[in-house]
Ligand code: 2HA
Ligand code: ZN
């Protein structure tokens with residue numbers, strides 16, 4: 001099968017286009033990676049080259065040895081993925097030590113995988129282990145409202161989780177384990193990757209203060225849907241805070257407990273504190 005005809009490639013491209021249309025990907029902002037299934041690698045293997053040199057990842061991801069990923073390119077624009085996927089994305093293979101990668105397809109005009117490769121791969125390693133291999137997508141975007149909130153709310157998991165849950169009834173059902181927050185850090189390196197992947201052991205979404213959001217999920221729909229839900233909730237919160245910060249009514253801790261029973265989700269008590 002031709003790589004561009006594979007379902008996972010179509011899903012990858014569609015997510016990039018959908019994210020751009022949401023205004024989450026100014027210039028080269030954001031990045032996406034997908035852990036390809038062995039059956040999918042099998043389908044496209046004729047087009048994969050083994051001739052490119054191995055390169056250091058910048059961290060060790062032993063749990064991903066031998067895996068293949070589709071990832072966006074460093075400095076490439078989400079806007080351009082749908083126009084020319086071969087020039088703006090690539091497929092990489094991880095070596096047996098989990099310390100190196102090589103490009104097997106794509107980036108035909110040169111380039112490297114996303115500058116956030118260490119964060120993507122460390123998050124994949126954590127989520128693969130935590131979900132018995134079910135999670136395959138890691139998505140980083142720059143949604144405006146969630147970034148705005150990191151200037152006015154305390155950078156604490158319990159504050160962001162509770163406030164975002166309160167803004168839309170479906171939120172605790174979509175991200176029942178809550179949401180983590182990383183204080184401002186230099187992007188692109190191992191330190192921010194370690195901090196984010198530590199939070200991803202517990203959550204499916206992690207905010208980078210004054211920068212953006214990371215989301216993890218089983219497939220493109222669920223991962224994009226998580227990003228979309230968190231950002232929608234953040235938009236409502238920005239509007240509420242702008243209209244009148246002392247809101248007249250809200251969803252209460254007791255309401256959340258009732259919701260948890262009917263929707264069969266476990267909502268950690270640490271987020272249901274009395275205010
Ligand atoms: O430019 O979003 O975090 C890509 C990024 C870096
Ligand atoms: Zn970013």
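Read-outs: derived from the displayed coordinates by stated rules, not from any lab. These figures come from a predicted structure and were not determined experimentally. Every residue, glycine as well, gets a Cβ built from its backbone with ideal geometry; the counts of neighbours run over all protein chains shown.
Between residue 129 and residue 269, the simple label model (points 7 Å from Cα in the Cβ direction) yields a spacing of 2.8 nm.
Angle of helix 190-200 to the longest C-alpha principal axis of the chain, folded into 0 to 90 degrees and rounded to 10: 60°.
As a proxy for reagent exposure, 101, 68, 273 were ordered by neighbouring Cβ count within 10 angstrom, fewest first; the result is 273, 68, 101. Once the Cβ-Cβ distance of residue 152 and residue 261 is raised to the sixth power relative to R0 = 45 Å, the FRET efficiency obtained is 0.85. Highest-first packing order for the peptide set 60-66, 25-31 is 25-31, 60-66, based on the mean count of other beta carbon atoms within 10 Å.
Inter-label distance, residue 169 to residue 82: 3.3 nm, where each label sits 7 Å from its Cα along the C-beta direction. Taking a ≥ b ≥ c as the square roots of the eigenvalues of the Cα gyration tensor of segment 101-238, is the shape rounded (a/c under 1.5), prolate (a/b larger than b/c) or oblate? Prolate. Compared with the dominant Cα axis of the chain, that is its longest principal axis, helix 253-262 is turned about 60°.
Taking label positions 7 Å along the Cα-Cβ direction at both residue 145 and residue 46, the computed distance is 4.7 nm, reported to one decimal.
With an 8 Å Cα cut-off and a minimum separation of 6 or more residues, compute the relative contact order for the chain in percent.
Reported as a whole number, the value is 18 percent.
Rounded to the nearest 10 degrees, the inclination of helix 7-21 to the longest alpha-carbon principal axis of the chain is 50 degrees.
Percent of Cα-Cα pairs more than 31 Å apart in the chain, please.
That fraction is 26 percent.
Shape of segment 132-193 from the C-alpha gyration tensor: oblate (a/c of 1.5 or more and a/b not above b/c, with a ≥ b ≥ c the square roots of its eigenvalues).
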